[in-house]
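Below is one structure, written out as structure tokens; the observations come after it.
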Amino acid sequence: MDKNALIRSILGQLEAELALQTEAAHESRDEATDEESRAEDRYDMRSQSAAYLAAGQAQMATEIAKEIAAWKALAPRAFGQGDAIAMDALVTLEANGRAAAYLVGPQSGGLEARDGDSIAIVVTGASPLGRQLIGRRVGDTVQTSDRGGPVLHRVVSVE
């Protein structure tokens, strides 16, 4: 997997979400200030509800913009087989004969990054899995839980 392609995939998804949230915030703001949204009586809350919605959507857009800035500031580096897992590491874990790829990122935990047919899940250092991964090396194990109970995953590569 190409780490730069994964980051481009993440940025593309975040930029699309930012555009969507920004447009939604503008539409809600326009609705809040529209003459037809004026309160007809003291119980009519249409304008106020639209204003609250616009503020929430604007806040989401601000958060997404911060995520984009964090990813753009990331300078991907190559990791050797003996290197410890750190920010921007592309990690492959194996459990029960199945492999899964994870990209340790600054934001956007849970997002699926794609490079062609390959997928890597973004984990942050603040997430339970991310906290376990940071500092580990190839051959180390981490534990997660699923419906069947605890599952041990072996670190098979760090790029």
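On the beta carbon distance between A5 and A75, with R0 = 25 Å, the FRET formula returns roughly 0.95. Note that the range 13-28 has calculated 3J(HN,Hα) couplings of 5, 5, 5, 5, 5, 4, 4, 5, 5, 5, 4, 4, 5, 5, 5, 5 Hz, one per residue in order, obtained from phi through the Karplus relation 6.51 cos²θ - 1.76 cosθ + 1.60 (θ = phi - 60°); glycine and proline are x. In plain terms, the C-alpha convex hull of the chain casts an average shadow of 12.4 nm² when viewed from every direction. With respect to the chain, whose longest principal axis is taken over its alpha-carbon atoms, helix 46-73 is tilted by about 30°. Comparing A113, A75, A54 in a Gaussian network model of the chain, where Cα atoms under 10 Å apart are tied by springs, the biggest mean-square fluctuation is seen for A75. Helices in the chain, meaning DSSP H runs of at least 4 residues, each add -39500 (n - 2.57). Divided by all residues, the mean residue ellipticity at 222 nm is -14000 deg cm²/dmol. Tell me which of T62, G80, A113 sits at the most positive position along the dipole axis of the chain, charges placed on C-beta atoms (Lys, Arg +1; Asp, Glu -1). Of the candidates, G80 comes out farthest on the positive side.
Applying the Karplus relation 6.51 cos²θ - 1.76 cosθ + 1.60 with θ = phi - 60° to the range 74-84 yields 3J(HN,Hα) values of 5, 10, x, 10, 8, 10, x, 4, x, 6, 6 Hz, where x marks Gly and Pro.
On the beta carbon distance between H26 and Y52, with R0 = 22 Å, the FRET formula returns roughly 0.90. Footprinting exposure proxy ranking of H153, H26, fewest other C-beta atoms within 10 angstrom first, gives H26, H153.
No lab work stands behind these numbers, since they all come straight from the coordinates. In this text, all values refer to a predicted model and were calculated from it rather than measured experimentally. Methodologically, a virtual Cβ is constructed for each residue, glycine included, from the backbone with ideal geometry; neighbour enumeration extends over all protein chains shown.
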